[in-house]
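The values are calculated or read from the model by the stated rules, or taken from the named source; none is laboratory data. All values derive from a computational prediction rather than experimental measurement. Cβ sites come from the backbone with ideal geometry, for glycine too, and all protein chains shown count toward neighbours.
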Amino acid sequence: MKFSGQILKMITENGKPIQYYLNLSGDLIHMNQLFDKKISLKHIGYECVNCGKNEKIYRMGFCKNCFFESPYASETIIRPELSTAHLGIGERDLAVEESIQLQPHIVYLAYTGDVKVGVTRESQIPTRWIDQGATFALEIARTENRYEAGMIEVAMKEYFADKTNWRKMLQDDFEDDLDLKDFQEKVKDYFPEEFKKFHLIDGEIQRLDFPYEAPESINSFTLDKKPEFEGVLKGIKGQYLSFEGGNFINMRGHEGYVVELEVE
């Protein structure tokens, strides 16, 4: 089987295990069906997720120009505490920013090799956790907009990491006695006073079942350094494809890359 197209973030369905679909220009390939099969990838170009031009991808699937101009790559995507749509103030495009920022958001704790804090739109649960490779996760606050969630996250970052250590996440190792519920009530003390009303005490721990077993070694590669790759697919965690021999590629990190994919 041969496929070709622009890589977009893998689509997922939460289940036991989670089901993954590689998105190549809108064509969906059910990756769980390809485990133990040899797959070859060949990088043949770029297609910016915003303008569609064959320009080198700068970040998040955007070419450099679009990364600094598109409202879908604004700084509030990375730093929600900078959101201003609730004040009627736009950064790049107020209408787009209102559609993203002015909706319920969740502040959560997740275990991705370490306990981390994060923010996402309520509509992105559990997709966000799956994409991060969280073994389990717990909602600790539900806010009315992105700014409120961001301010809680900023305060929480004094006590928890806010970024996933991809290597630890792929090592798939955690302490059996670790319980996020232990944190649920005490974290309220970390919230800024005016945001304590958003604290959740009744959240349930969500456990995620990835089609994945950690290999002995972990080595990541990119299509920039290795434009042609061939290997046997063994599993998936987060947005990482795991190949025989401990080789990994982050498919979300390759959004906007155009590839040829062949399955033997």
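Worth pointing out:
- Test for residue 142: is it more than 14 Å from the chain's Cα centre (by Cα), touching a residue at least 24 places away in the same chain (Cβ under 8 Å) and surrounded by fewer than 20 Cβ atoms within 10 Å (Cβ to Cβ): yes
- Only listed residue being touching a residue at least 24 places away in the same chain (Cβ under 8 Å) and not aliphatic (A, V, I, L, M), chosen from 90, 52, 26, 113: 113
Yes/no matrix, rows are residues, columns are (1) surrounded by 14 or more Cβ atoms within 10 Å (Cβ to Cβ); (2) of a type in the set (Val, Ile, Thr):
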position	(1), (2)
10	yes, no
26	no, no
50	yes, no
60	yes, no
80	yes, no
84	yes, yes
98	yes, no
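- Test result for residue 168, farther than 30 Å from residue 19 by Cβ and outside the structural domain of residue 239 (by TED's automatic domain parsing): no
- Residue in the range 180-187 that is outside the structural domain of residue 20 (by TED's automatic domain parsing), basic (Lys, Arg) and under 19 Å from residue 129 (Cα atoms) present: yes
- Test for residue 134: is it modelled with pLDDT under 95 and under 24 Å from residue 240 (Cα atoms): no
Per-residue answers, yes or no, for (1) among the aromatic types (Phe, Trp, Tyr); (2) more than 30 Å from residue 211 (Cα to Cα); (3) assigned by TED's automatic domain parsing to the domain that holds residue 121; (4) touching a helix residue (DSSP H, G or I) at 6+ places or on another chain (Cβ under 8 Å):
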| residue | (1), (2), (3), (4) |
| --- | --- |
| 14 | no, no, no, yes |
| 29 | no, no, no, no |
| 81 | no, yes, no, yes |
| 94 | no, yes, no, yes |
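- Within the range 24-54, tally of residues that are assigned to a strand (DSSP E or B) and at pLDDT 95 or above: 13
- Qualifying residues in the range 46-99 (those that are over 22 Å from the mean Cα position of the chain (by Cα) and β-branched (Val, Ile, Thr)) - the one farthest from residue 148 (Cα to Cα): 89
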